[in-house]
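Presented below is the structure to which this report refers.
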Amino acid sequence: MDSLPNEPHLYTVHESNVPRFTVVVIEDTIDDEALTIRALRRTGLPILVKTARDGARAVAMLTQEQDGRPPELPQLVLLDLKLPLLNGLEVLRKIREDERTALVPVVCLSSSDEESDLVQAYALGATSFVRKPVDFERYMYVVGRAAEYWLDINLLPRGERRGTSSFQSVYGH
């Protein structure tokens, strides 16, 4: 994970060759990215993780055509608020402005204690706001439970349901 900070990465966090779920992790801190991927792996769910380490890259990944194809949508976005280039709230605003990504669940993961961040995130359409725990085991638990809820328990409108994204068939390996 020591490559260029703005390059996206793909991680399969389950032994299955064909992930059922795709999660986009938008996190600029390499250690927090690694912890988040580890928490996703612990769920045991067949997840493909795609990462972005800045807000501009994240918006491009989620909303811009790639090789003439529309962006492949994840079933979940885990979004840090403190990002370079575009902060997490701006990323969230752009995600919600695009009709293709408007219904994708976005969980804000932040170390912020600012009530204004929480209020703004919900006002912009965050589906959940989770304060990043400092304790390792608590972090694993909280991120894992959030992912399990949004991927395996929550129901989304047809076309947005778990396992229906074309994203995983393009990138699954």
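Within region 86-108, which residues are touching a residue at least 40 places away in the same chain (Cβ under 8 Å), in contact with a Gly (Cβ under 9 Å, 6 or more places away or on another chain) and either closer than 22 Å to Ile37 by Cβ or part of a strand (DSSP E or B) (or both)?
Gly88, Val91
Going by what's in this entry, would Asp117 be described as acidic (Asp, Glu), over 14 Å from Asp28 (Cβ atoms) and touching a strand residue (DSSP E or B) at 6+ places or on another chain (Cβ under 7 Å)?
Answer is yes for this residue.
Which of the numbered conditions does Gly144 fail, given that it passes all the others? Conditions: (1) within 14 Å of the chain's Cα centre (by Cα); (2) loosely packed, with under 15 Cβ neighbours inside 10 Å.
Every condition holds for Gly144 apart from (2).
Of all strands (runs of 3 or more DSSP E) completely enclosed by region 1-83, which ones contain at least 3 residues that are at pLDDT 95 or above and within 15 Å of Ala147 (Cβ to Cβ)?
Once the strands (runs of 3 or more DSSP E) in region 1-83 are filtered for at least 3 residues that are at pLDDT 95 or above and within 15 Å of Ala147 (Cβ to Cβ), what remains is 21-26, 76-80.
Would you pick out the residues in region 26-63 that are closer than 16 Å to Val104 by Cβ and hydrophobic (A, V, I, L, M, F, W, C)?
Selection gives Ile26, Ile47, Leu48, Val49, Ala52, Ala58, Val59, Ala60, Met61, Leu62.
Can you pull out the residues in region 76-132 that are surrounded by 14 or more Cβ atoms within 10 Å (Cβ to Cβ) and acidic (Asp, Glu)?
Hits for region 76-132 are Asp80, Glu90, Asp98, Asp117.
The values are calculated or read from the model by the stated rules, or taken from the named source; none is laboratory data. Keep in mind that what you see is a predicted model, and the values were worked out from it rather than measured. Note that we place each Cβ from the backbone using ideal geometry, even for glycine, and neighbour counts take in every protein chain shown.
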